[in-house]
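A short worksheet on the structure shown next.
The values are calculated or read from the model by the stated rules, or taken from the named source; none is laboratory data. If you're wondering where the values come from, they're calculated on a predicted model, not measured in any experiment. FYI the Cβ positions are ideal-geometry reconstructions off the backbone, even for glycines, and counts take in every protein chain you see.
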Amino acid sequence: MTQIALILLNGKTLDEITRYTTFIKPYGQELGLTYQKAALDYTGITMAQIEGGKAIKEVIKDLIEIITQARSHNTHIAYKPILVGHNVKFDKGFLKYAFQYVKEDIAKYVEFEDHFCTMRLSQAKSAPEGPDLQYKLEQCCERANVELLDGHDAMNDTIATKELFVTHIRSLRESTGLAVQGEEGTKFRHSFKFEI
């Protein structure tokens, strides 16, 4: 990992709780990890930015602290936060490795086997027709009318992914009747009854 960004959301209200971003100093050279010039050129990230970041151990410590605080916002404290990302399976591999590198288990802090993927949500919503429909973050944001500024910057991608996720979740809640219009705008019911 060269850079990381996260936005913590309240799962019920979808309100933002906190943000975090940093570049990550080089690590893993003793294991043969290297930076590919083509990848750096593609993202526009420089070695100076990477070297000016935080040590991986400090980054993981920060993430654990943020995730632990997130659990205090949850009324069901037994539940751990769920990761959200665009093509999130790709990112999960990097996260798992980074935690393992500093001898931590990410599954202690988040529901690592579960996640929400905005790419998959976008595919489900658009009901693709033909092989030309693209599902990169840029195309999914464009179809959902979500702004993406300066893609490939971790925080900008995270902001766009958050907006895409919130758009899809609000749409799902409204289509299932879990959202009701009130005097103060859209509200979400805390419970509902099944009619038998």
(request) Select from the stretch 98-128 the residues that are within 19 Å of residue 161 (Cβ to Cβ) and hydroxyl-bearing (Ser, Thr, Tyr) and write down the one among them that is modelled with the highest pLDDT. (result) 118
(message) Condition (residue is part of a loop (DSSP other than H, G, I, E, B), modelled with pLDDT of 90 or more and not small (Gly, Ala, Ser)) applied to the stretch 57-78: is it met by at least one residue?
(response) no
(request) Determine whether the stretch 75-94 contains at least one residue that is farther than 30 Å from residue 167 by Cβ, among the small types (Gly, Ala, Ser), out of contact with any Cys (no Cβ under 6 Å at 6 or more places or on another chain) and in contact (Cβ under 8 Å) with a residue 12 or more places away in the chain. (result) no
(message) Looking only at the stretch 157-178, filter to residues that are in a helix (DSSP H, G or I) and small (Gly, Ala, Ser); which one of those is farthest from the chain's Cα centre (by Cα)?
(response) 175
(request) Would you check if residue 8 is at pLDDT below 95 and in a strand (DSSP E or B)? (result) yes
(request) Kindly provide the set of residues from the stretch 79-92 that are closer than 23 Å to residue 30 by Cα and at pLDDT 95 or above, ordered by number. (result) 92
(request) For residues that are in contact (Cβ under 8 Å) with a residue 40 or more places away in the chain, surrounded by fewer than 16 Cβ atoms within 10 Å (Cβ to Cβ) and not in a strand (DSSP E or B), tally how many sit in the stretch 12-42. (result) 5
